[in-house]
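Asks: Supplied in structure tokens, the structure appears directly below.
The values are calculated or read from the model by the stated rules, or taken from the named source; none is laboratory data. Source: prediction; values computed, not measured. All Cβ positions, even for glycine, are placed from backbone atoms using ideal geometry, and neighbour counts span all protein chains on display. Surface areas here come from the heavy atoms of the whole protein model, side chains and all, with no ligands, DNA or RNA. Shrake-Rupley method; radii C 1.70, N 1.55, O 1.52, S 1.80 Å.
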Amino acid sequence: MLSSVSHFFQKNTVLLTAAILFFCALPARAENEPENLYARAAALMDADSGRILFEKNGEERLPMASTTKIMTLLITLENADLDSFVEVSAYAASMPDVQLGICEGERYRLLDLCYSLMLESHNDTAVAIAEHVGGSVEGFAALMNQKARDLGCYDTYFITPNGLDAADETGVHSTTAEDLARIMRCCMENETFLAITQTSSWSFGDLDGTRSFTVNNKNAFLNMMEGALTGKTGFTNDAGYCYVGALERDGKRLIAVVLACGWPNNKNWKWSDTTKLMSYGLQEFESVTVGVDSLTPEPLPVTNGQSAEVSLGVEISPESLLLCAEDRFSVEILLPDSLEAPVYEGEIVGSVVYYINGEILDLFPITAAEDVPAIDFRWRLEQVARQWAL
């Protein structure tokens, strides 16, 4: 059982010497990964650590349809006043279905349009929001792409705020299953994002009081699995059916993504795949604390220094993450055989590395705990004077 592994780490903390690997051999059991997924690309992420627990073509670039709108809402929440007023342009009003049916010149509160954007995935609303927040669709796309880079999503490229199929001289409107999970992970940390996407229905009108609307949440997954938190569907001719969703249960927070998960008449395949991914995460993974509470590296020799060695310091901590039985955790201390003076207090001289299955999980810098000046003429003179004094 993985719980026994957690107990092992608590009771058997060890200190490692330079370049020595410590392996945790977890109990073996048959692999039980999801099989026969309909999606061309899929990913399951541990939302707490950001670790990908499962992927199928997880780094393949594909169009993502209206799952785009999770980034649209995130950018809006981070860059605009939700009580500000949005005036609808002719271009926004011209967007194809799915649309709210807003008209040129009408004015709406930005918050109300955010509910239209996420609950019923209206394309005209998305453009109206983008023009208001970014000054233009192009300006808003620049904000989206910068945010994607900030999150480490280097295989994602946004052109539109609504996810309609598009291409330009730079590329195709697209992402990967793993990148989309990273974006959702950031979205989950925004309480307003969760509040909007969890709302079952929302009523509002234009600011002139001439029109009124009620939008209803179309995310069926919210009622499919206990603990479902948020999500967004999508479909275009190029993208097929897509979904990104999050779930929290039994102390686990999971994100599932499916891209190109069938075309008409297979709109329910995305729910089948998403349920299969989430169930895999719930059943096959357990929260385990790995790593060490403290570590004291041995002093390092210093050549040409006024001291023969330097003391070292490192701030290290255990990490909690989801592991399955086949996962392997290891720690490595990387230090040189010696240092050349001068050495300065706080200077990074090495690192402690946590690995999962040979891939880096986290890094902790090892630093010099004191100054060690280099030997110079004045120091030699002082040593000679000290000897004469004796």
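Asks: Assigned to a helix (DSSP H, G or I) and of a type in the set (Gly, Ala, Ser): is that true of Ser121 in this structure?
Replies: Considered against the rule, which asks whether it is assigned to a helix (DSSP H, G or I) and of a type in the set (Gly, Ala, Ser), Ser121 comes out as no.
Asks: Let me ask something else. The conditions are (1) buried (at least 17 other Cβ atoms within 10 Å of the Cβ); (2) modelled with pLDDT of 95 or more; (3) in a loop (DSSP other than H, G, I, E, B), and Ser49 fails exactly one of them. Which is it?
Replies: Ser49 satisfies every listed condition except (2).
Asks: Taking segment 78-97 on its own, how many of its residues are of a type outside the set (Gly, Ala, Ser) and buried (at least 18 other Cβ atoms within 10 Å of the Cβ)?
Replies: So the count comes out to 3.
Asks: With the requirement that a residue be touching a Ser or Thr at 6+ places or on another chain (Cβ under 8 Å) and under 14 Å from Asp293 (Cα atoms), what does segment 308-366 give you?
Replies: Residues satisfying the conditions are Gly313, Val314, Ile316, Pro318, Glu319, Ser320, Tyr354, Phe364.
Asks: Here are Phe213, Phe235: which of them is open to solvent by 60 Å² or more (accessible area, probe 1.4 Å) and at negative phi?
Replies: Residue meeting the stated conditions: Phe235.
Asks: Condition test on Gly251, is it open to solvent by 40 Å² or more (accessible area, probe 1.4 Å), out of contact with any Leu (no Cβ under 7 Å at 6 or more places or on another chain) and among the small types (Gly, Ala, Ser)?
Replies: yes
Asks: OK, next. Does Ser121 satisfy the condition of being within 14 Å of Thr197 (Cβ to Cβ) and touching a helix residue (DSSP H, G or I) at 6+ places or on another chain (Cβ under 8 Å)?
Replies: Yes: the conditions hold for Ser121.
Asks: Residue check: is Asp179 within 16 Å of the chain's Cα centre (by Cα) and either open to solvent by less than 30 Å² (accessible area, probe 1.4 Å) or in contact (Cβ under 8 Å) with a residue 12 or more places away in the chain (or both)?
Replies: It is true that Asp179 is within 16 Å of the chain's Cα centre (by Cα) and either open to solvent by less than 30 Å² (accessible area, probe 1.4 Å) or in contact (Cβ under 8 Å) with a residue 12 or more places away in the chain (or both).
Asks: Among the candidates Tyr241, Tyr280, single out the residue that is at pLDDT 95 or above, more than 21 Å from the chain's Cα centre (by Cα), hydroxyl-bearing (Ser, Thr, Tyr) and under 19 Å from Met184 (Cβ atoms).
Replies: Tyr241
Asks: Scan segment 346-379 for residues that are in a strand (DSSP E or B), touching a Pro at 6+ places or on another chain (Cβ under 9 Å) and open to solvent by 50 Å² or more (accessible area, probe 1.4 Å) and jot them down.
Replies: Ile348
Asks: Checking Gln387 against (1) part of a strand (DSSP E or B); (2) open to solvent by 70 Å² or more (accessible area, probe 1.4 Å); (3) not basic (Lys, Arg), which single condition isn't satisfied?
Replies: That leaves (1) as the condition not met.
Asks: Of all the residues that make up segment 331-386, how many are of a type in the set (Lys, Arg) and either within 18 Å of Glu298 (Cα to Cα) or at pLDDT 90 or above (or both)?
Replies: Qualifying residue count for the region: 0.
Asks: Residues in segment 52-77 that are under 29 Å from Ile356 (Cα atoms), open to solvent by less than 40 Å² (accessible area, probe 1.4 Å) and outside any loop (DSSP other than H, G, I, E, B): how many?
Replies: 3
Asks: Kindly check whether there is at least one residue in segment 92-112 that is in a helix (DSSP H, G or I) and out of contact with any helix residue (DSSP H, G or I) (no Cβ under 8 Å at 6 or more places or on another chain).
Replies: Yes; the residues of segment 92-112 include at least one that is in a helix (DSSP H, G or I) and out of contact with any helix residue (DSSP H, G or I) (no Cβ under 8 Å at 6 or more places or on another chain).
Asks: Keeping to segment 129-170, report how many residues are assigned to a loop (DSSP other than H, G, I, E, B) and either among the hydrophobic types (A, V, I, L, M, F, W, C) or in contact with a Ser or Thr (Cβ under 8 Å, 6 or more places away or on another chain) (or both).
Replies: 13
Asks: Another one. Return a yes/no flag: does segment 175-186 have any residue that is of a type in the set (A, V, I, L, M), modelled with pLDDT of 95 or more and either assigned to a strand (DSSP E or B) or touching a Gly at 6+ places or on another chain (Cβ under 7 Å) (or both).
Replies: yes
Asks: For segment 123-169, which positions are open to solvent by less than 10 Å² (accessible area, probe 1.4 Å) and either among the acidic types (Asp, Glu) or at pLDDT below 95 (or both)?
Replies: Matches in segment 123-169: Asp124 only.
Asks: Only one of (1) crowded, with 19+ Cβ neighbours inside 10 Å; (2) closer than 21 Å to Ala39 by Cα fails for Trp202. Which number is that?
Replies: Trp202 satisfies every listed condition except (2).
Asks: Looking at Arg182, Arg211 in this structure, which one is among the basic types (Lys, Arg) and under 19 Å from Asn123 (Cβ atoms)?
Replies: The unique qualifying residue is Arg211.
Asks: Being touching a strand residue (DSSP E or B) at 6+ places or on another chain (Cβ under 6 Å), of a type in the set (Ser, Thr, Tyr), open to solvent by 50 Å² or more (accessible area, probe 1.4 Å) and touching a residue at least 60 places away in the same chain (Cβ under 8 Å) is the filter here, so list the residues in segment 295-335 that pass it.
Replies: Ser307, Ser320
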